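Just so it is clear, none of the values below were taken in a lab; they were calculated from the coordinates. All values derive from a computational prediction rather than experimental measurement. Cβ coordinates were reconstructed from backbone atoms using ideal geometry, including for glycine residues, and neighbour counts include every protein chain displayed.
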Amino acid sequence: MIEVKNLNKSFDENQVLFDISGVFENGKCNMIIGASGSGKTVLMKSIIGLHRIDSGSIEYDGRNLPDMQMKEIRKLRREVGMLFQGSALFDSLTVMENVMYPLEMFSSETKAEMEKRAIFCLERVDLTNKAFDLFPSEISGGMQKRVAIARAIALNPKYLFCDEPNSGLDPKTALIIDKLIQEITQEYNITTIINSHDMNSVMEIGDYILFINKGRKAWEGNNKMIFNSDVQELNDFVFASELFKKVKEVNS
Amino acid sequence: MNYLYQTGQYAMLMHKVFTKPDRWKMFWRQFPKEVEKLGLASLPIVIIISIFIGAILTIQTKLNTENPLLPTYSTGLVTRDTLLLEFSSTIMCLILAGKVGSNIASEIGTMRITEQIDAIEIMGVNSANYLILPKITAFIVMMPFLVIFSMAIGLVGGYLVGMFSDIITVADYLLGIQYAFVPYYIFYSVVKSLVFAFIISSVASYYGYFAYGGALDVGKASTNAVVNSSILILFFNLLITNLMLN
């Protein structure tokens, strides 16, 4: 579980996050949503520790990140997996080598055991051995996301962060990636935080949703409660499209 | 003020780079790749430039010192000392700053803007140490070989002028390049090249590591890396020459 309390973050004079609090439980797909520029990426990067926060606390199962030294942060990060918006696979390594990378860096297993684990992770995300020796530039965007998920789960993380996991994907592939993240989250009881503004994902897998508006927490709940919200900013964001407006009408 | 900030940022980056690698195995896997990419891959350009400069130096020296009072071996001597003292260390390093520096800055810069460096950091790996240390050490290890190789090839260039033209005789040239030879000049050149290798690889890594934005910004980082490492090479050339030859 990750618990954020009264988080404030500014860049020079410009404050971008105001007093954000939220509880991200394990085994659930926790989503941070908001319009572009609302501060959700800054919030996620602050939770991971890529940004130093001004005040507040970020507790990873009781361990407060802002109090940690760099060495401790690095140790904690070994329990973290992350899926980046652009996949962030290493160009110079093959699919297999990408998944092997965290294992070779931190695992004390033999090479054969590491390879077995990497193959297990790749097969878990439905990749066949035909793709194992290909380079990231030789595979599709959807496959790159799968490889990135496989790499993220290689070390059995306790926490999984996903930054816009569906960006650049067609709706069908996006849905498959969403389902995959949800399955992995539940299967391994991971604390997953997903940063997204894709409403299909939110409706599909959002067990806990934190809505950020202009750097402030404007609403929290789940994908069932979202239809009954009376927060104007949230309604403007969620029901921006005609399709979702109709869905709301039908629901209400 | 910005210059001071960058100097501090560079110093902090070097502090991150020169720490014990998380896994020596990974360092030793990267090291030969960098030796090949930064060192061995630079050999063709070193050969081409050195052989031509050696030949041109010989021709220019001979044509500009047409004086019966000067001994016949003076052309070889001037060619040798120019190659040993300045060309093969300083000028060659300025050329390599362009080739290797832009290579390092653009590679690391692209990794930065495509979030590959963030991915390494998120895994709990010291990204600066993992990416930069093998590059700096590999280039420092290879640079003396490149410099000595450049000296030898440059001298061969001059020899070819003697062989295929009537500007200078091979005998005069060979006498010149052996006359009053000071082995210390090679030591001086190697010391300079080690410092320059560190400057090129570390400055380029710095600009790549702190690149942000898009492809255009990686290009800017690459240009800044080449320009600033060239200026630093010239400054340290002056400093080391004063210290070692004065």
Shielding score for A:70-76, defined as the mean number of other chain Cβ atoms within 10 Å: 2
Inter-centroid distance (Cα atoms) of the stretch A:44-64 relative to the stretch B:19-90, Å: 52 Å
Relative contact order %, the stretch B:20-245, counting alpha carbon pairs below 8 Å whose residues are six or more apart: 35 percent
Label-to-label distance, nm, for residues given as A:Glu249 and B:Leu216 (7 Å Cα→Cβ offset): 4.4 nm
Candidates per trypsin sites (Lys or Arg not before Pro) in the stretch A:20-78, loop by DSSP, up to 11 other Cβ within 10 Å: A:Arg52
10 Å Cβ neighbours from other chains, averaged over peptide B:119-131: 6
Candidate lysines for bridging to B:Lys99, where Cα separation is under 17 Å - those fewer than 8 sequence places away on the same chain excluded: B:Lys33, B:Lys37, B:Lys135, B:Lys220
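With r defined as the distance between the Cβ atoms of A:Gln232 and A:Asn200 and R0 fixed at 25 Å, what FRET efficiency is calculated, to the nearest 0.05?
0.65
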Highest average packing first - B:53-62, A:17-26, Cβ atoms within 10 Å: B:53-62, A:17-26
Test item: A:77-83 mean partner chain Cβ contacts at 10 Å: 3
Set A:Lys75/B:Lys20; A:Lys5/A:Lys214; A:Lys45/B:Lys25 screened for pairs whose C-alpha atoms are more than 25 Å apart: A:Lys45/B:Lys25
